[in-house]
Amino acid sequence: MDGKRGNDPLRVLEVLVGLVVTVMAVLAVATLAGTAWGSGAVPGLDAEVCASGSGDAPAFRKGDGDTAGPVGLGEGITWRVEEVQICDPEPDGATRALGGAGLVVWVGGPMVFFVMLWRFLRRARRDGVFADRVPGELRTLGRILIAWAALDFVASGWINAGLLNRMTDSTLILTATVPWLPVLLGIALLALARVMGQAVGMRRDVEATI
């Protein structure tokens, strides 16, 4: 019996996901504490708040019309920067609040997902992978990922634009990046929920026949 329990793949996944949740929680608390109360003098609790800008952001302007960039390029060769970090090492209260809100959006969705995944694995080990509740819980996991992707797309864009406007003297256009990975994973979980729903129905038919 102990040998079977030790080889249980769901048990291994449950432990790994539990470790991920614990590490994420510790890092999230430390990062939020650093953003709210930290200073650069405290290792691991740096109060620096950063925002992402494109290659034509004001941080790349040296003076009137001059731009910084690589030297020694061949004729006709162009260059561009996909993303540049603009940071405030001594943020005021409003900048700290925006940075903290961005961290909550960025960390909150994955935290909720992994906690729900951990609970799902525990129930699947206890009740079986073809239990009646499995399809519904898979749908919930998929919806959490898609909802987090939508929130991250909208909220993170506004928060990042707010930080850039506070750190620069130019009005920047709101930009946002679609987090494709959680969207695709959410769709995959919804599809898996449909498959597991059919499997649960087949299990019921077999039990009714017996």
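Test of understanding: among 140, 95, which residue is of a type in the set (Val, Ile, Thr), in a helix (DSSP H, G or I) and within 25 Å of residue 21 (Cα to Cα)?
Working: 95 fails: within 25 Å of residue 21 (Cα to Cα).
None of the others qualify; the one that does is 140.
Would you pick out the residues in region 87-142 that are basic (Lys, Arg) and more than 26 Å from residue 9 (Cβ to Cβ)? Break it down into steps so the answer makes sense when it comes.
Our first condition is that a residue be basic (Lys, Arg); within region 87-142, this holds for 96, 119, 122-123, 125-126, 133, 139.
The answer is 96, and nothing else.
Can you say whether residue 127 is exposed (fewer than 15 other Cβ atoms within 10 Å of the Cβ) and not small (Gly, Ala, Ser), as far as the supplied structure shows? Walk me through it before giving the result.
On the way: exposed (fewer than 15 other Cβ atoms within 10 Å of the Cβ): yes; not small (Gly, Ala, Ser): yes.
Spelling it out, residue 127 is indeed exposed (fewer than 15 other Cβ atoms within 10 Å of the Cβ) and not small (Gly, Ala, Ser).
Residue check: is residue 35 within 24 Å of residue 161 (Cα to Cα), of a type outside the set (Gly, Ala, Ser), crowded, with 17+ Cβ neighbours inside 10 Å and at pLDDT below 80?
Values: within 24 Å of residue 161 (Cα to Cα): yes; of a type outside the set (Gly, Ala, Ser): yes; crowded, with 17+ Cβ neighbours inside 10 Å: yes; at pLDDT below 80: yes.
So residue 35 passes the test.
Suppose we filter region 191-201 for residues that are within 12 Å of residue 142 (Cβ to Cβ) and either buried (at least 16 other Cβ atoms within 10 Å of the Cβ) or hydroxyl-bearing (Ser, Thr, Tyr) (or both); how many remain?
3
Scan region 141-155 for residues that are under 8 Å from residue 109 (Cβ atoms) and surrounded by fewer than 16 Cβ atoms within 10 Å (Cβ to Cβ) and report the count.
Within region 141-155, residues that are under 8 Å from residue 109 (Cβ atoms) and surrounded by fewer than 16 Cβ atoms within 10 Å (Cβ to Cβ) number 2.
So which residues in region 69-78 are surrounded by fewer than 11 Cβ atoms within 10 Å (Cβ to Cβ) and either under 20 Å from residue 161 (Cβ atoms) or at pLDDT below 70 (or both), if there are any at all? Before the answer, list the steps.
To start, the set of residues in region 69-78 that are surrounded by fewer than 11 Cβ atoms within 10 Å (Cβ to Cβ) comprises 70-78.
Within region 69-78, 70, 71, 72, 73 meet the criteria.
Can you pull out the residues in region 89-122 that are modelled with pLDDT of 85 or more and either in contact with a strand residue (DSSP E or B) (Cβ under 7 Å, 6 or more places away or on another chain) or basic (Lys, Arg) (or both)?
119, 122
With respect to residue 178, is the statement that it is without any contact (Cβ under 8 Å) to a residue 60 or more places away in the chain, within 21 Å of the chain's Cα centre (by Cα) and part of a loop (DSSP other than H, G, I, E, B) true?
Spelling it out, residue 178 is indeed without any contact (Cβ under 8 Å) to a residue 60 or more places away in the chain, within 21 Å of the chain's Cα centre (by Cα) and part of a loop (DSSP other than H, G, I, E, B).
The values are calculated or read from the model by the stated rules, or taken from the named source; none is laboratory data. The structure presented is a predicted model; accordingly, all values stated were derived computationally and were not measured. Positions of Cβ are backbone-derived with ideal geometry, glycine not excepted, and every protein chain shown enters the neighbour counts.
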